[in-house]
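Step one of this worksheet: look at the structure below.
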Amino acid sequence: MQIKTDLEKPIFLQIAEGIEDAILSGAFEEGKQIPSITEFSITYKINPATALKGINILVDAGFLYKKRGLGMFVTEGAVKELQKKRKEQFYMNYIAVLIEEAKRLYITESEIKSMIESGFHK
Amino acid sequence: MNGIEVKKVSKYYGQTCALNNISLTFEKNKIYGLLGRNGAGKSTLLNIITNRIFADHGEVFVDGLRAEENDKAQSNMYLMSEKNYYPDKMKLKDIFKWTKQFYRNFDMEYARQLAEKFDLNCDKSVKQLSTGYLSIFKLVVALSVNTPYVFLDEPVLGLDANNRDLFYRILLEKYSITPFTIVISTHLIEEITSIIEEIIIIKNGSIVQSESMEEFLGKGYAVSGPAALVDSYTADKQIIATDTLGGLKTAYILGKPENRTDGLEISNLNLQKLFIQMTNS
């Protein structure tokens, strides 16, 4: 997980996505506690309010939950739900961009298909 | 009212107007970035708030108390000044003791721990310190006084990259455990982008911008691509500046970007770029 201040994406969204990635990869396990706001703030040198804002997005979405006095935990079943959410965004985030660049370079549909196939069989 | 209120403050040095009728508020427990070009009036403002110099007009209130010549109000604030006011021959550990006399909540043990983290030898005297270590020493004091308001004027002057990194982390650690108001005046804009919550920009003695970082960063964007395309895109927009390179053009625009346009690249302006565009005269 890395935070970049020169990206178009606001830092709190980068935090939220970084935590999502960590949940998907298993670095933050379901049912287990994630680092505190203070730890996020110090590690990434960000204002604690920004870290909190990023974490709250995931709390509102149900991927994290708060245990009073203890901290933030990963919800059971969060991995499956996140995979579902990311799959829904896959077309817009990856395929649409891919097709746009392919058109600029006059790469044909069948050329892309064979690239994808060879990518899978590497 | 809680917080620091600066009300219609003006300051002249002879014929030169250093601050022109400035009003602003520092709220409790927030981190502010006070930005401005050399000579914009940042240090003058901080020195007036902390009673080191006097305003010609206007007033400053700290938690509702008048700040001028008021020990009670002043004891809630600490200014780490860019200048050195400590006696040359005094040892650092003795300055710690004196500071404790003036600031009751000065945490001697914490100051020693910080000195150790920065490899600062407290048996040295002020004149034995390099520029960087003089800054580090002043920072150690500023982080240990435990006043509700701390002003840091050029806090990282002369610090190497490692020590700047260490300072930002220590500052955030302290702040997230016990929040207080921090005002950072610096020229290393990029480094504080993610740390500050509110931004104040001073230009020629006046406030040109005072708002949350998030709002500020959403204020402008850049469009680049072939000059003709950029020109037609920007025809009805407020341009702050442009750069041209051969047939390529980049326009810096105030406002929110529209939907994507084919052939044009739209990017956010980071804090430094926005700052430069807004304070160029």
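Computed from the coordinates by the stated procedures, all read-outs in this text should not be read as laboratory data. For clarity, every value in this text was computed on a predicted model and none was experimentally measured. Because the Cβ atoms are built from the backbone with ideal geometry, glycine has one as well, and the counts that use them run over all protein chains shown.
Would you mind checking B:Lys72/B:Lys203; B:Lys93/B:Lys174; A:Lys80/A:Lys113; A:Lys45/A:Lys66 for any pair whose Cα atoms are more than 26 angstrom apart?
Checking Cα-Cα distances, B:Lys72/B:Lys203; A:Lys80/A:Lys113 exceed 26 Å.
Kindly put B:Asp123, B:Asp63, B:Asp153, B:Asp56 in sequence by how many other C-beta atoms sit within 10 Å of each C-beta, fewest to most.
Arranged by neighbour count, lowest to highest, B:Asp123, B:Asp63, B:Asp153, B:Asp56 become B:Asp123, B:Asp56, B:Asp63, B:Asp153.
Assuming R0 = 60 Å, what is the FRET efficiency of B:Glu69 and A:Phe120, from their Cβ-Cβ distance, to the nearest 0.05?
Efficiency computed from Cβ-Cβ geometry: 0.20.
If I stretch the segment between B:Ala241 and B:Val208 completely, what's the gain in nm (0.36 nm per residue apart, minus their alpha carbon distance), one decimal?
10.2 nm
Which length gain, in nm to one decimal place, applies between B:Leu254 and B:Asp231 when the Cα-Cα distance is subtracted from 0.36 nm times their residue separation?
Computed gain between B:Leu254 and B:Asp231 is 6.8 nm.
Can you work out ³J(HN,Hα) from phi for every residue in the stretch B:135-141, in order, using Karplus 6.51 cos²θ - 1.76 cosθ + 1.60 and θ = phi - 60°, giving whole Hz and x for Gly and Pro?
Listing the rounded values in order: 4, 4, 4, 5, 5, 4, 5 Hz.
Given 20 °C and 1.002 mPa s, how large is the Stokes-Einstein diffusion coefficient of the stretch A:11-78 in µm²/s, with Rh as the Kirkwood radius over Cα pairs?
183
Measuring from a point 7 Å past the Cα of A:Glu30 along Cα-to-C-beta, which residues in the stretch A:57-93 have an amide N at less than 13 Å?
Once the point is set 7 Å along Cα→Cβ of A:Glu30, A:63-64, A:74-84 turn out to lie under 13 Å by backbone N, inside the stretch A:57-93.
Using only alpha carbon positions, build the gyration tensor of the stretch B:219-279, then give the equivalent ellipsoid semi-axes as the square roots of 5 times its eigenvalues, largest first, whole angstrom.
After scaling each eigenvalue by five and taking roots: 18, 13, 10 Å.
Over chain B, what is the relative contact order in percent, taking alpha-carbon pairs closer than 8 angstrom and at least six residues apart?
20
Which aspartates and glutamates have a Cα lying under 12 Å from the Cα of B:Lys249, excluding residues fewer than 8 positions away in the same chain?
B:Asp231, B:Glu265
Using θ = phi - 60° and the Karplus relation 6.51 cos²θ - 1.76 cosθ + 1.60, list the HN-Hα couplings for the stretch B:221-234 in order, rounded to whole Hz, with x at every Gly or Pro.
Each residue of the stretch B:221-234 in turn: 8, 10, 10, 9, x, x, 3, 5, 5, 4, 4, 6, 5, 8 Hz.
May I ask you to give the average projected area over all directions of the convex hull of the Cα atoms of the protein assembly as shown, in nm² rounded to one decimal?
Computing the convex hull of the Cα atoms and averaging its projections yields 26.2 nm².
Over chain A, consider all pairs of different Cα atoms and compute the Kirkwood hydrodynamic radius from their mean reciprocal separation; express it in Å, one decimal.
16.5
How large is ³J(HN,Hα) for each residue in the stretch B:163-170, as worked out from phi by the Karplus curve 6.51 cos²θ - 1.76 cosθ + 1.60 (θ = phi - 60°), to whole Hz, x for Gly and Pro?
Karplus-based 3J(HN,Hα) across the stretch B:163-170 equals 6, 5, 4, 4, 4, 4, 5, 5 Hz.
In a GNM of chain B with a 10 Å cut-off on Cα contacts, which of B:Ala251, B:Ala227, B:Ala235 has the highest mean-square fluctuation?
Maximum fluctuation in the GNM of chain B, among the listed residues, is at B:Ala235.
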